[in-house]
Amino acid sequence: MIKVNDGKIRKRELAGILIFLFAIQAMDTTPDLLFKLGKNAAWMIPILSSFVTLIPFFVLLGIVKKRNMGLTELIFTLMGKRMGTFVILLFFIIIFSSTVINSRSYTDVFNTMFYPKTPIPYLYVMLIGACFYIAKRGLENIARTAWIFTPIVLILMFSLVGFVYDDIALVRIYPIAGPGLTTILKESVVYSSIYGEIILLFALYPFIQKHKDMRVGTLFGWIISVMSVVVFMIIYTAVFDYPASQDIAYPFQQLSRMARIGTISHLESIYLAIATIASAIHFSIYLYLSAFFLSKVLHLNKFEPLLLPLAGLTVLLGMISPNIFIGNALREYLVRSSSFFLFFFPFILWLLHLRKGRLTNEKA
């Protein structure tokens with residue numbers, strides 16, 4: 001029997017979105033940031049940061065279940081129109097800044113590693129154009145596209161580990177605690193917003209079929225993503241060693257150049273295709289969320305018309321950054337500055353939720 005399509009996504013599609021949001025951090029400039037923070041124990045930071053972010057995640061999950069509304073509706077209900085608009089504006093600034101900074105970083109990767117003779121603006125317009133096309137087709141199509149490509153991307157990603165097996169020396173990850181457990185714990189908390197989008201995804205709650213789909217899909221996709229980043233952080237250290245791994249701007253792309261199957265080498269073209277698909281889906285999700293939050297700030301009923309202006313603005317702002325080093329510094333500042341806000345905000349909502357519930361009971 002064919003089920004009627006209600007336009008809502010299920011747990012598997014949501015898991016696909018999570019994987020394309022977080023698992024592909026192994027391919028971008030995230031390893032560069034993690035090595036700077038944790039040195040040869042950088043692989044521990046994604047694990048500990050995920051545990052830190054789980055706390056506000058479950059707090060917010062409980063609130064949306066009781067209130068049965070998405071993040072933006074919840075904010076307006078508990079905080080009022082003016083304060084709610086201000087908070088959602090902060091969310092928009094965070095997600096759109098991430099879109100601009102990270103998309104420019106990806107463009108620099110493509111330019112440096114694969115297309116050095118192609119002008120950066122051309123590559124940037126092509127990337128954001130593809131993202132706009134995917135985002136314009138709606139959340140359901142983004143989610144389905146993510147789910148369809150998830151197994152392909154994951155299989156090829158982890159195949160890369162086998163292709164460089166002869167170059168792996170796990171002894172290089174020692175000393176296991178790197179700069180010390182205290183430092184690792186501190187940096188994991190301070191930079192926990194590498195998973196901050198998990199809080200912003202609650203804005204999509206009304207577009208998910210069941211509460212169970214939200215819980216199961218998010219956790220499944222999150223676990224796969226964290227495992228992927230951890231495995232590749234270990235592999236980067238085991239192959240390139242430390243401190244050499246800290247000085248490699250694009251370790252995934254360097255690893256793909258080393259890959260070989262017997263006498264067959266030059267497999268990087270396969271991984272270029274993976275990176276292209278993954279980045280297009282990744283930033284289509286970012287662009288979609290940016291338009292959604294901006295529409296709530298402007299109190300618009302439809303947010304799709306905002307996608308094209310935001311796509312154009314992404315390219316214009318992204319081109320301001322002169323090089324990858326400035327981009328990395330901006331991203332580090334954004335992650336650090338947004339971590340505490342994204343961690344504590346669900347607790348603020350929880351207190352407001354309890355207060356409003358108490359006032360309702362007193363009136364009754």
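Nothing in this text is a laboratory measurement; each read-out follows from the coordinates by a stated rule. Just so it is clear, the model here is predicted, and its values are computed rather than measured. Ideal geometry is used to build each Cβ from the backbone, glycine not excepted, and the neighbour counts take in all protein chains shown.
Annotations
- Separation between Cα centres of the stretch 234-292 and the stretch 321-344, rounded to whole Å: 21
- A Förster radius of 30 Å, combined with the Cβ-Cβ distance separating Ile55 from Glu304, puts the computed FRET efficiency at roughly 0.30.
- Label of the coordinate-derived value, mean projected area of the Cα convex hull in nm², listed as (i) 20.4; (ii) 26.7; (iii) 18.1: (i)
- For Ile9, residues with placed amide H under 5 Å, excluding near neighbours: Ile208, Gln209
- Averaging 1/r across all pairs of distinct Cα atoms in the stretch 173-281 and inverting the result yields a Kirkwood radius of 17.1 Å.
- Contact order, relative form, for the stretch 239-349: 11 percent (alpha carbon pairs under 8 Å, 6 or more residues apart, mean separation divided by residue count).
- Rel. contact order, % - alpha carbon contacts under 8 angstrom, at least six apart, the chain: 40
- Thr150, Thr182, Thr118 arranged by Cβ crowding within 10 Å, fewest neighbours leading: Thr182, Thr118, Thr150
- For the chain, modelled as a GNM whose springs connect Cα atoms under 10 angstrom apart, the maximal fluctuation among Thr237, Thr53, Thr77 occurs at Thr77.
- Of Lys8/Lys81; Lys81/Lys296; Lys66/Lys356, those spanning more than 22 Å from alpha-carbon to alpha-carbon: Lys8/Lys81
- Along each principal axis, taking the top coordinate minus the bottom one, the Cα set of the stretch 205-251 gives 47, 16, 10 Å in descending order.
- Charge dipole magnitude, Cβ of K and R +1, D and E -1 - the chain, Cα centre, debye nearest 20: 1520
- Most mobile listed residue (Phe86, Phe303, Phe240) in the chain, GNM with C-alpha springs under 10 Å: Phe86
- Neighbour counting of Cβ atoms within 10 Å sorts the residues His353, His299, fewest neighbours leading, into His299, His353.
- Of the DSSP H helices in the chain, those whose Cα atoms cover at least 18 Å axially and whose Kyte score averages 0.0 or more: 44-67, 81-113, 120-136, 139-163, 211-240, 268-297, 324-363
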